[in-house]
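This report concerns only the one structure given below.
The values are calculated or read from the model by the stated rules, or taken from the named source; none is laboratory data. Bear in mind that the values here come from a model prediction, so they are computed numbers and not experimental data. Note that each Cβ is placed from the backbone with ideal geometry, even for glycine, and that neighbours are counted across all protein chains shown.
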Amino acid sequence: MPGRIVAVSMPRPDRMEAWIAEFRPLLPGFTVLPASEVRDAGAVEYAIVWKPPAGLLKGYPNLKATVSVGAGIDHVAADAEYPRGVPVIKTIGPDMTLRMQEYVCLHVLRLHRDQPRLEAAQRRGAWDQHSTPTARDRRVGILGMGHLGQAAALALAGFGFDVAGWSRSGRGPEGIAMFGAEGLEAFLARTDILVCLLPLTAETEGILDARTLGMLPKGACLVNAARGGHLVEEDLLAALASGQVSHATLDVFAVEPLPAGHPFWSHPQVTVTPHVASLIDPKSGGRVIAGNILDFEAGEEVRDLTWIGRGY
Ligand code: NAP
Ligand code: GLV
């Protein structure tokens, strides 16, 4: 008899095996099973998921919490049948934060130092020597100042960039200029390189559109490491064509994998990365997830616990 069950659902069965192997020794007292092998739905107390099939979670009547294998929970919210009274625990942790810092610094520095132009020049065999401003004269703006936005902002400030952040509350770390919900236009107007690290919600969907891209100084750059749903792709293509945006680095897309033949693949002003900004790994992610479940079981506060539909 399996007893108390932790059901795991991930779209890639090859990856799921490695995760389950990590969870088993870390969750004593539970039987950790792929969701497809659960025979007694009533015994499932926790579900650890990435992009769960619609309706899966409402089928567990005694579910205590759902755990997202990642920081974003839009993939859980996408299930219209999700049992709203069941909390969702986001997975973040130090490795995810460090990887996102690395990604944002890498790509902001690349844009700051005009690297796409130098790479294009190399392909032409051209010696395109030109100087670029120093970091202190480059204004970077971060949309979303949560775990990842704050960490990225502090790392960029460490290079000397002139960093500002935008969030609902306008709260952010000391030393970073902050703008609240009402300050979006002013924030964008002072942003040469815009980094999106917002969660995807009804309020933030499509936030990177013709209107907001048009509020940036002409020739600004974009780094989207949050979700494809934040960006209106046709509006970006138009902004690139007009020179309003000079380059976009995109890690996330409306449809993933990015379909063959999509204009982003071959666009000279677009850098595509395959949703790798901060991929969680079973070793470090497994520890964070198991720790959160055990804290929840013990009645301790779980910082990254939230509810679908109640703001996250
Ligand atoms: P978080 O800690 O929940 O922070 C979210 C931030 O966004 C907060 O500052 C929040 O403002 C702000 N925000 C939320 N709704 C807003 C709105 N309507 N208007 C203005 N600001 C709003 O999130 P996180 O852990 O940093 O993660 C952010 C996102 O990164 C995730 O949701 C995920 O989609 C994405 N991500 C991508 C990758 C990748 O590999 N590409 C990896 C990990 C995560 P307040 O502080 O005022 O509430
Ligand atoms: C990755 O995209 C995550 O949300 O952790």
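Can you tell me how many residues in the range 19-45 are assigned to a helix (DSSP H, G or I), among the aliphatic types (A, V, I, L, M) and in contact (Cβ under 8 Å) with a residue 24 or more places away in the chain? Residues meeting the conditions: 4.
Only one of the numbered conditions (1) β-branched (Val, Ile, Thr); (2) away from ligand 2 (no atom under 16 Å from the Cβ); (3) farther than 23 Å from Glu102 by Cα is violated by Thr201, and that is (2).
Residue-by-condition table, conditions (1) within 15 Å of ligand 2 (Cβ to nearest atom); (2) in a loop (DSSP other than H, G, I, E, B); (3) not assigned by TED's automatic domain parsing to the domain that holds Leu194:
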| residue | (1), (2), (3) |
| --- | --- |
| Pro11 | yes, yes, yes |
| Ala47 | no, no, yes |
| Gly55 | no, yes, yes |
| Lys58 | no, no, yes |
| Thr66 | yes, no, yes |
| Gly72 | yes, yes, yes |
| Glu81 | no, yes, yes |
| Tyr103 | yes, no, no |
| Leu106 | no, no, no |
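Suppose the filter is within 15 Å of ligand 1 (Cβ to nearest atom), assigned by TED's automatic domain parsing to the domain that holds Leu111 and not in a strand (DSSP E or B); does Leu240 pass it? In short, no. Looking only at the range 254-312, residues that are in contact (Cβ under 8 Å) with a residue 40 or more places away in the chain, assigned to a strand (DSSP E or B) and either touching a Gly at 6+ places or on another chain (Cβ under 7 Å) or not hydroxyl-bearing (Ser, Thr, Tyr) (or both) come to 1 in all. Taking the range 166-175 as the search range and keeping residues that are more than 6 Å from ligand 1 (Cβ to nearest atom) and crowded, with 18+ Cβ neighbours inside 10 Å, which one is modelled with the highest pLDDT? The qualifying residue modelled with the highest pLDDT is Trp166.
Looking only at residues of the range 133-156 that are more than 16 Å from Gly180 (Cα to Cα) and touching a residue at least 60 places away in the same chain (Cβ under 8 Å), we find that the one that is farthest from ligand 2 (Cβ to nearest atom) is His147. State yes or no: is Val69 farther than 23 Å from Asp281 by Cβ, within 16 Å of ligand 1 (Cβ to nearest atom) and buried (at least 22 other Cβ atoms within 10 Å of the Cβ)? When the stated conditions are applied, Val69 does not pass them. Filtering Leu250, Leu279, Leu305, Leu236 for residues that are hydrophobic (A, V, I, L, M, F, W, C) and either more than 24 Å from Leu109 (Cβ to Cβ) or touching a Cys at 6+ places or on another chain (Cβ under 7 Å) (or both) leaves a single hit, Leu305.
Results for (1) more than 17 Å from the chain's Cα centre (by Cα); (2) more than 23 Å from Thr212 (Cα to Cα); (3) surrounded by 15 or more Cβ atoms within 10 Å (Cβ to Cβ), shown as yes or no for each residue.
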residue	(1), (2), (3)
Ala225	no, no, yes
Leu237	yes, no, yes
Ala248	no, no, yes
Val255	no, no, no
Gly286	yes, yes, yes
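Taken over the range 46-65, the criterion of being aromatic (Phe, Trp, Tyr) and in contact (Cβ under 8 Å) with a residue 60 or more places away in the chain is satisfied by Tyr46 alone. Within the range 214-237, the set of residues being of a type in the set (D, E, K, R) and either within 16 Å of ligand 2 (Cβ to nearest atom) or part of a strand (DSSP E or B) (or both) comprises Arg227 only.
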